[in-house]
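Asks: Take this structure, written in structure tokens, and hold onto it; I'll ask about it next.
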Amino acid sequence: MRYPKTKDYQEIWDRAEASLEEGLPFALYRKPDEIEIHGVFQSNNTLHHSKDFTEKGFVFAPFNSESNAVLIQPDNVLEGSFRTENEPSTKTISLDESGKGAHIDLVRNGIKEIEKGRLQKVVLSRKIEVPISKSPLEIFETLLNTYPNAFGYLFYHPEVGTWCGATPETLVKIKDKKLQTMSLAATLPYVDNKKPDWGDKEIEEQQMVSEYIGDKLAHTMERLEIDEAESVRAGNLWHLRSEVSGTMLPNLKVKEVIKALHPTPAVCGIPTKEAQQFIQANENYQRTFYTGFLGELNLRAQGELSLFVNLRCMQLETDIASIFVGGGITEASDPESEWIETQNKSKTMLGVL
């Protein structure tokens, strides 16, 4: 149940509908726990890229960090408000078991690679295609209503496609050389009136991510603090999260921070380079922008940015939505349990559709 739309919100919606019809790039987004909707609209269909993250606009970057990050130029920026009642839907969702054998084989291969000592952790994923009848804006509106504590977005570029999502994970926020990020890992389904009971596998996985982020950022910071892990709820799932904060060295460039953090161990693995190579050789599809990052770049002030990891997302085509789900594999992983985890995660986007 949402409150009445405001006039400025309706203006953003109308502009987005017109941009979709005219083939003009835009991004709509709402930050976690806020009511403001932001719209960044480009006045032509040119495909721009960010070279060093000093440009202004909305950035949309792929998982493969060697590829260029797409930039939507802020030719027109609109803001409006959208209030929600933040109780997620708990309707029953029927899950498809097709693809189970292939995913279990993929997980087994990942565990073998870890046992050989080449990897400590690898994040393995799969793609689910489902028919859709809703428009992109209707899907985005449902996302906003269902997941108010996530970063909700709708992105469109005629040469890239249409994507939307509600991600719980911050890649990095920077303002006045102060940095915030997070170590997010482990998953358990949400059960009413019950706290999550984390096992050794989940606790170890989250600690691994925290330590890795600390090592990657240590040389870039004057000060770095990593908080204790806490349980956080994202829709129908629990995760373990540690807040990470620090002060950047005076001459450090934002590009170096992003390079140190992306792709995070929470979406790729440890060590990152070897995990990324394993993913690209063994997953039977290309992730493109799934597990990439996106967000606001220098729109409020130079050097101020707010970027999120592209999780809990989908790519929208005319009558098909591609949903992406994955999980962190360690030596302690059980292939059957990992399949169930991806099934639980798929409910987030399937429920929206």
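The values are calculated or read from the model by the stated rules, or taken from the named source; none is laboratory data. Remember, it's a predicted structure, so these values are computed and weren't measured experimentally. FYI the Cβ positions are ideal-geometry reconstructions off the backbone, even for glycines, and counts take in every protein chain you see. SASA here: full protein model, heavy atoms, side chains in, ligands and nucleic acids out. Shrake-Rupley method; radii C 1.70, N 1.55, O 1.52, S 1.80 Å.
Asks: Quick one: count up the residues across segment 184-215 that are part of a loop (DSSP other than H, G, I, E, B), touching a Phe, Trp or Tyr at 6+ places or on another chain (Cβ under 9 Å) and open to solvent by less than 30 Å² (accessible area, probe 1.4 Å).
Replies: Adding up the residues that qualify gives 1.
Asks: Another question about this same structure. Count, please, the residues in segment 26-42 that happen to be of a type in the set (A, V, I, L, M) and farther than 15 Å from residue 165 by Cα.
Replies: Going through segment 26-42 one residue at a time, the tally reaches 2.
Asks: When only residues in segment 1-12 that are surrounded by fewer than 20 Cβ atoms within 10 Å (Cβ to Cβ) and within 16 Å of residue 142 (Cα to Cα) count, which is modelled with the highest pLDDT?
Replies: This residue is 10.
Asks: Mind listing just one residue for me: the one in segment 242-261 that is open to solvent by less than 50 Å² (accessible area, probe 1.4 Å), of a type outside the set (Val, Ile, Thr) and touching a helix residue (DSSP H, G or I) at 6+ places or on another chain (Cβ under 9 Å) and, of those, farthest from residue 53 (Cα to Cα)?
Replies: So the residue we want is 242.
Asks: Residue 222 versus (1) at pLDDT 90 or above; (2) loosely packed, with under 13 Cβ neighbours inside 10 Å; (3) not in a strand (DSSP E or B): which is the lone unmet condition?
Replies: If we test residue 222 against (1) at pLDDT 90 or above; (2) loosely packed, with under 13 Cβ neighbours inside 10 Å; (3) not in a strand (DSSP E or B), just (3) comes out false.
Asks: Could you check, for segment 206-228, whether at least one of its residues is on the phi > 0 side of the Ramachandran plot and touching a strand residue (DSSP E or B) at 6+ places or on another chain (Cβ under 9 Å)? Full working, then the answer.
Replies: First, the residues of segment 206-228 that are on the phi > 0 side of the Ramachandran plot: none.
There is no residue in segment 206-228 that is on the phi > 0 side of the Ramachandran plot and touching a strand residue (DSSP E or B) at 6+ places or on another chain (Cβ under 9 Å).
Asks: A further question follows. Could you check, for segment 261-277, whether at least one of its residues is under 21 Å from residue 147 (Cα atoms) and without any contact (Cβ under 8 Å) to a residue 40 or more places away in the chain?
Replies: no
Asks: Does segment 225-260 hold any residues that are assigned to a helix (DSSP H, G or I) and among the small types (Gly, Ala, Ser), and which are they?
Replies: Answer for segment 225-260, where residues must be assigned to a helix (DSSP H, G or I) and among the small types (Gly, Ala, Ser): just 260.
Asks: Count, please, the residues in segment 26-64 that happen to be buried (at least 17 other Cβ atoms within 10 Å of the Cβ) and either under 14 Å from residue 158 (Cβ atoms) or without any contact (Cβ under 8 Å) to a residue 24 or more places away in the chain (or both).
Replies: 6
Asks: For the list (1) surrounded by fewer than 24 Cβ atoms within 10 Å (Cβ to Cβ); (2) in contact (Cβ under 8 Å) with a residue 60 or more places away in the chain, I need the number of the one condition that residue 300 fails.
Replies: (2)
Asks: Residues of segment 262-296 being of a type in the set (D, E, K, R) and touching a helix residue (DSSP H, G or I) at 6+ places or on another chain (Cβ under 9 Å), which ones?
Replies: 274, 283, 287
Asks: So the check is Cβ under 8 Å with 6+ separation or different chains; which pairs have a first residue in segment 330-353 that's open to solvent by less than 30 Å² (accessible area, probe 1.4 Å) and a second one that's part of a helix (DSSP H, G or I) and among the polar types (S, T, N, Q)?
Replies: Listed by first residue and then by second, the contacts come to 351/146; 352/142; 352/146.
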